[in-house]
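Single-structure report; data block below.
The values are calculated or read from the model by the stated rules, or taken from the named source; none is laboratory data. Computed from a predicted structure; not experimentally measured. All Cβ positions, glycine included, derive from the backbone under ideal geometry; neighbour counts span all protein chains shown.
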Amino acid sequence: MLARPALVIVLLATGLATSPSSQEARTPVTTPPDMLRAHVQVLAGEIGERNTFRPQTLRSAAAYIEQAWRNQGYTVTRHEYAMGRDTWANLEIARRGREHPDDIILIGAHYDSVIGSPGANDNATGIAALLELSRAAAARDLGKTVRFVAFVNEEPPQFQTALMGSRVYARQAHARGDRIRAMLSLETLGYYSEAPGSQAFPFPSALYRFFYPDRGNFVLFVSNFGSRPLLRQAVESFRQVTPFPAESIATFEWVPGVDWSDHGSFWEQGYPALMVTDTALYRYPHYHTEQDTPEKVNYDALARVVDGLTGTLWALSR
């Protein structure tokens with residue numbers, strides 16, 4: 001019974017044509033790998049495990065992100081919410097659009113780590129990418145408003161509960177009537193392998209292997225069916241900037257892993273959203289373990305991914 005929908009899933013995900021539309025799109029932005037390495041080293045090497053069971057380190061991670069954004073010239077907004085006796089914060093900065101200021105492109109990543117893990121790949125790499133994308137946007141005129149948001153409490157035990165940071169944020173955004181035209185979740189972005197068989201897939205894995213590489217050397221864009229137009233635009237603009245391998249899939253939200261990040265919170269509120277990921281547990285052998293440490297990250301590959309995401313951001317924010 002699963003073979004037919006699975007085939008539909010894969011066929012819908014293929015065939016994204018790419019053709020550069022402007023000289024700007026063809027001009028790469030070079031992200032320094034050492035900057036990405038420095039962010040990951042602080043978050044996962046110096047600060048380490050960061051979650052509500054280690055509140056001091058979770059707050060230290062938030063302070064690091066806030067200071068990095070202030071150093072880039074931004075004013076940071078703390079969206080605080082209570083959980084028991086404690087208060088936690090989603091962190092936000094914004095570049096106001098000139099032509100369409102009420103239309104919002106939101107780029108987000110979570111800054112906590114799972115219990116028992118320093119969280120280098122999951123998700124210090126996402127935060128590092130977020131910080132370098134915001135740096136690139138700091139001096140650029142944009143047509144739409146772009147928000148950069150660092151979400152708290154994505155991991156268990158708050159994961160997919162009402163207290164998950166992105167769920168709190170998305171509910172509040174919907175209640176305000178925010179016109180979020182696109183949300184991109186940066187999730188576990190730093191592990192790539194050329195080894196045959198290094199890429200796994202959800203059930204039925206044999207079917208996916210007909211359409212996707214068996215080497216974990218690509219970044220994956222993941223959306224639900226309602227976000228397919230966003231998926232197409234995001235992947236096309238990524239490929240216009242960098243030759244780094246990029247695959248995509250629009251699929252059912254019940255496929256294991258498809259809604260396992262902050263983009264799912266925005267799907268719940270009816271916003272178009274997608275996840276950008278190295279596929280996490282389907283590739284990374286140190287996923288959610290104490291071995292998820294900074295030296296496991298491929299910073300050169302991560303820099304090329306951020307280059308591509310910069311092109312995606314410029315295209316979406318026109």
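Restricted to the stretch 259-288, and to residues that are hydrophobic (A, V, I, L, M, F, W, C) and more than 17 Å from LEU316 (Cβ to Cβ), which residue is surrounded by the fewest Cβ atoms within 10 Å (Cβ to Cβ)? By that ranking, first place goes to LEU281. Of the residues screened, THR293 is not one that is more than 13 Å from the chain's Cα centre (by Cα), over 28 Å from ARG135 (Cβ atoms) and of a type in the set (Val, Ile, Thr). Considering only residues that are touching a Phe, Trp or Tyr at 6+ places or on another chain (Cβ under 8 Å), crowded, with 19+ Cβ neighbours inside 10 Å and closer than 13 Å to VAL152 by Cα, which ones fall in the stretch 38-68? Those that are touching a Phe, Trp or Tyr at 6+ places or on another chain (Cβ under 8 Å), crowded, with 19+ Cβ neighbours inside 10 Å and closer than 13 Å to VAL152 by Cα: ARG50, LEU58, ALA61, ALA62, ILE65.
Every condition in (1) farther than 29 Å from ASP178 by Cβ; (2) touching a Gly at 6+ places or on another chain (Cβ under 9 Å); (3) part of a loop (DSSP other than H, G, I, E, B) is met by SER261 except one, and the failing one is (1).
Only one residue in LEU36, LEU12, LEU58, LEU43 is at pLDDT below 95, not polar (S, T, N, Q) and not in a strand (DSSP E or B). Which one?
Values: LEU36 fails: at pLDDT below 95; LEU58 fails: at pLDDT below 95; LEU43 fails: at pLDDT below 95.
Within the list LEU36, LEU12, LEU58, LEU43, the selection yields LEU12.
For the stretch 211-223, filtering for residues that are touching a strand residue (DSSP E or B) at 6+ places or on another chain (Cβ under 9 Å) and either closer than 16 Å to GLU187 by Cα or acidic (Asp, Glu) (or both) leaves 6.
VAL258 - would you say it is in contact with a Leu (Cβ under 9 Å, 6 or more places away or on another chain) and closer than 19 Å to HIS110 by Cα? The answer is no for VAL258.
Yes or no, residue by residue, for (1) farther than 23 Å from GLN41 by Cα; (2) touching a residue at least 24 places away in the same chain (Cβ under 8 Å); (3) surrounded by fewer than 21 Cβ atoms within 10 Å (Cβ to Cβ):
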site: ALA109; (1), (2), (3): no, yes, no
site: ILE115; (1), (2), (3): no, yes, yes
site: ASN121; (1), (2), (3): no, yes, no
site: ALA124; (1), (2), (3): no, yes, no
site: LEU133; (1), (2), (3): no, yes, no
site: GLY143; (1), (2), (3): yes, yes, yes
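Every residue, every condition in (1) farther than 20 Å from ALA62 by Cβ; (2) β-branched (Val, Ile, Thr); (3) modelled with pLDDT under 95, yes or no:
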position: ALA124; (1), (2), (3): no, no, no
position: ASP141; (1), (2), (3): yes, no, yes
position: GLY165; (1), (2), (3): no, no, no
position: ALA175; (1), (2), (3): yes, no, no
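Taking the stretch 145-163 on its own, how many of its residues are surrounded by 24 or more Cβ atoms within 10 Å (Cβ to Cβ), farther than 12 Å from ILE107 by Cβ and of a type in the set (A, V, I, L, M)? Counting residues in the stretch 145-163 that are surrounded by 24 or more Cβ atoms within 10 Å (Cβ to Cβ), farther than 12 Å from ILE107 by Cβ and of a type in the set (A, V, I, L, M) gives 1.
Among the residues examined, ALA234 does not qualify as free of Cβ contacts under 8 Å to residues at least 12 places away in the same chain and not in a loop (DSSP other than H, G, I, E, B).
Would you pick out the residues in the stretch 193-205 that are polar (S, T, N, Q) and in a loop (DSSP other than H, G, I, E, B)?
Matches in the stretch 193-205: SER193, SER198, GLN199.
Pairs are defined by a Cβ separation below 7 Å, a sequence spacing of at least 6 or placement on different chains, a first member in the stretch 173-199 that is over 17 Å from VAL276 (Cβ atoms), and a second member that is among the small types (Gly, Ala, Ser); the pairs so defined are SER193/GLY216; SER198/GLY216.
Please pick out the residue among THR289, THR279, THR310 that is on the phi > 0 side of the Ramachandran plot and among the polar types (S, T, N, Q).
On the way: THR289 fails: on the phi > 0 side of the Ramachandran plot; THR310 fails: on the phi > 0 side of the Ramachandran plot.
From the options THR289, THR279, THR310, the qualifying one is THR279.
Within the stretch 206-228, being surrounded by fewer than 20 Cβ atoms within 10 Å (Cβ to Cβ) and either touching a His at 6+ places or on another chain (Cβ under 7 Å) or assigned to a helix (DSSP H, G or I) (or both) holds for ALA206, LEU207, PHE225, GLY226, ARG228. Within the stretch 240-283, the set of residues being over 19 Å from PHE159 (Cα atoms), of a type in the set (A, V, I, L, M) and touching a Phe, Trp or Tyr at 6+ places or on another chain (Cβ under 7 Å) comprises ALA246, ALA250. Among the residues of the stretch 237-274, just one is on the phi > 0 side of the Ramachandran plot and either among the polar types (S, T, N, Q) or free of Cβ contacts under 8 Å to residues at least 60 places away in the same chain (or both), namely GLY257.
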